[in-house]
1. Say we look at region A:236-255 and pick out the residues that are closer than 21 Å to A:ARG50 by Cα and hydrophobic (A, V, I, L, M, F, W, C); which of these is surrounded by the most Cβ atoms within 10 Å (Cβ to Cβ)?
2. If A:ALA233 satisfies all but one of (1) touching a residue at least 12 places away in the same chain (Cβ under 8 Å); (2) touching a helix residue (DSSP H, G or I) at 6+ places or on another chain (Cβ under 8 Å); (3) surrounded by fewer than 18 Cβ atoms within 10 Å (Cβ to Cβ), what's the number of the condition it fails?
3. With the condition kept exactly as written, say whether any residue in region B:232-247 is over 29 Å from B:ALA118 (Cβ atoms), touching an Asp or Glu at 6+ places or on another chain (Cβ under 7 Å), buried (at least 19 other Cβ atoms within 10 Å of the Cβ) and touching a residue at least 24 places away in the same chain (Cβ under 8 Å).
4. Can you list residue pairs whose Cβ atoms sit under 7 Å apart, with the first residue in region A:69-97 being assigned to a helix (DSSP H, G or I) and the second being of a type in the set (Phe, Trp, Tyr)? Count only pairs 6 or more apart in sequence or on different chains.
5. Answer yes or no as to whether B:GLN123 is more than 8 Å from chain A (Cβ to nearest Cβ) and out of contact with any Ser or Thr (no Cβ under 8 Å at 6 or more places or on another chain).
6. Tally up the residues in region A:51-78 that are among the polar types (S, T, N, Q) and within 11 Å of chain B (Cβ to nearest Cβ), please.
7. Being part of a helix (DSSP H, G or I), more than 9 Å from every other protein chain (Cβ to nearest Cβ) and of a type outside the set (Phe, Trp, Tyr) is the filter here, so list the residues in region A:34-50 that pass it.
8. Every residue in region B:83-115 that is of a type in the set (A, V, I, L, M), within 7 Å of chain A (Cβ to nearest Cβ) and outside any strand (DSSP E or B), please.
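The values are calculated or read from the model by the stated rules, or taken from the named source; none is laboratory data. In this text, all values refer to a predicted model and were calculated from it rather than measured experimentally. Counting neighbours? That spans all protein chains shown, and the Cβs are built from the backbone with ideal geometry, glycine included.
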Amino acid sequence: MTTVAALRMARTRRAAALLRDLLPYAALVLVVGYFAFASEFFLNTRNFERLVTDSATLMLVAFGMTMVILLGEIDLSVGAVVALLSVILAQLMAAGVGWPLAVLLVLLAGMGIGGLNGVITVLGDIPSFITTLGMMAIATGLAFVVTGSVSVAIMQDRFLDLFYDDRLLGLPVPLWIVLGAFGACGLYLNRTVAGHELFALGANQKAAALSGVPVKRRKITVFVIMGALVAIAACLSAARLGSGAPGSVPALTLDAIAAVIIGGANLFGGRAFVSRTLMGAALIAVLNNGMVLLNVNIDAQYIIKGLIILLAVVLERLAAGAR
Amino acid sequence: MLSVKSRFLAGTAAVLALVSAMPVLAQDACLGTAEALHLSDAQAEDIRARGLTFGFLTNNISDDFSRTLVAGGEAHAGALGVDLIVNNADFDANTQLSQFDALVQRGVDGIFLTAVDAGSIGQAVRRANQDNIPVFIVGGAPARGDVVSVMNAASYQGSYDATAALMDHIGEPNAQIAILGIPFALQTIRDREKGVLDAVGAAGGQIISLQSDFSQDRLLELATNVIQANPDLKGVVATWSLAVNAATEAIRQSGRDIAIAGYDSEVPGYMELHSGETNIVALSGQQAALQGRAAIDGLAQVVLGATLCEEIITPNLLVTAENYVEMWDIQYPGVTPPWAD
């Protein structure tokens, strides 16, 4: 390759990297601008609050998925586990358990399931794709078996109000939960030694191990964190639906992965950002909301989301050489 | 002058007459059938003048019932000058909730929906109630919130009748029957399965397998396995359209003489009956086009101030090889039958 050609290639890669980094922000601004122009119902406080509360589940799961993908792993079980944990939560409350204890038990269950995914993946040296695929099937089946395929209504109003309708300092509680999780994940990844080690581990596992990074412990910890976020997401989902529904969130897993990819993450690990994932998740949420307000056919919605994901992946691959 | 006894008898008769008339009076106060929902010419003119917008949410659009329901609703809304916003949740309760909330946000004049999960739509229905948006639902009432009415096909009776026809056809005591269904958390699905169980029980048959899935591909696999595992199987009752298709194909592939009854009569089922070489004994057909029309009429009636009864049942059609031509015209009004091509 000539020097000129190499320079041209480098410029292309730098441009692709810039586009990839800007994609979630630019796309979000464009989409919000378009919907604000096209629908009189889009840009108002009430719709914004509904959008935030409706997308809180996706955002929490996407934060966890960011860390999993940062390691070069994947978790396909999140949607099914959210459904399972939401029916467990509803059944605990239906059995007379107070909501604080029920939430705590579900949180522990979520961390347990996440930990199990991590232990099987790491200690069994099994690809997380396979482990979590199995967990997805188990969680889906369990959710239907324990409920008899019938959703379980939640009648504890305090829980429903707190996790969906209540406000703190004028903002919906789910927004505070999302902001809290965002801050915690950001701090963990960017301000702790363990977080920095995740980037090293995702980029080159062997090199990280040789540098003294406790690879197995870090990986299992990330799956446990994922499980905790999934459990909180299950509480928000149950409050939103007013029930534990066994088949409630089939699209959640793919939407969470899409949010991370739109955020410029590398599916093979070493590169992922919670802040950009937040933008990616917000973009998906705004698309979901705005396209319904504009009465766009759901099949077209899939196509539009798919095109944005493809664009993000292409930019990521083009930019790969820029690093 | 009337004696004490006569006055007592007359008074008693009057009270009895009043008491016996009460259910009739109550019934008259609400609209309880698809026919009763029909708008008069004057009412239709009134609705046209109002420029209404209704939301129409379906749990999916991949089966014939949903497509016909939507087509029926769209055609009638168009005739009444109602702007209809149609959204398909694609079997995702969360998506449907978002779609529902967006319609509330738009301030539509009414929402009709076939819920993905009636138990999970209640929170959204409450929000519609707060904005005085009438909600008309198919399948079952939500756990929370108030709906103007629940519209249902005659799920229990329809599946009972089709299964009874199957058992008559088999004509054997202790006949082994398998059920192929759908894992949907809806009352209508449970009613269908109960109809099957009762009809099989009444005929002295026995259920030896109950399998369900959302996809025809997986249902075909399940049906094939059930047939393979049960050499004495005499009949299959498929409780939804894709299960009917899967059961038909699995039995054809097996080469065995196993009778089929189904809930939902759709184009493949009609074509099977038209072929004259089918194991299908009877299909219970929901009147989806009628329901789509009734959805628009029902919401329009509420806008005009009428009260709908708590439940509105639309009767099913029992479709057999003898009457399928006639039933097609009732089930798909104005649509050319596929065998005419």
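1. Taking the candidates together, the pick is A:ALA238.
2. (3)
3. yes
4. A:LEU70/A:PHE199; A:MET93/A:TRP99; A:MET93/A:PHE159
5. For B:GLN123, the condition - more than 8 Å from chain A (Cβ to nearest Cβ) and out of contact with any Ser or Thr (no Cβ under 8 Å at 6 or more places or on another chain) - is not met.
6. 3
7. If the condition is that a residue be part of a helix (DSSP H, G or I), more than 9 Å from every other protein chain (Cβ to nearest Cβ) and of a type outside the set (Phe, Trp, Tyr), then A:ALA36, A:ALA38, A:THR45, A:GLU49 are the ones that fit.
8. B:ALA93, B:LEU97, B:ALA102
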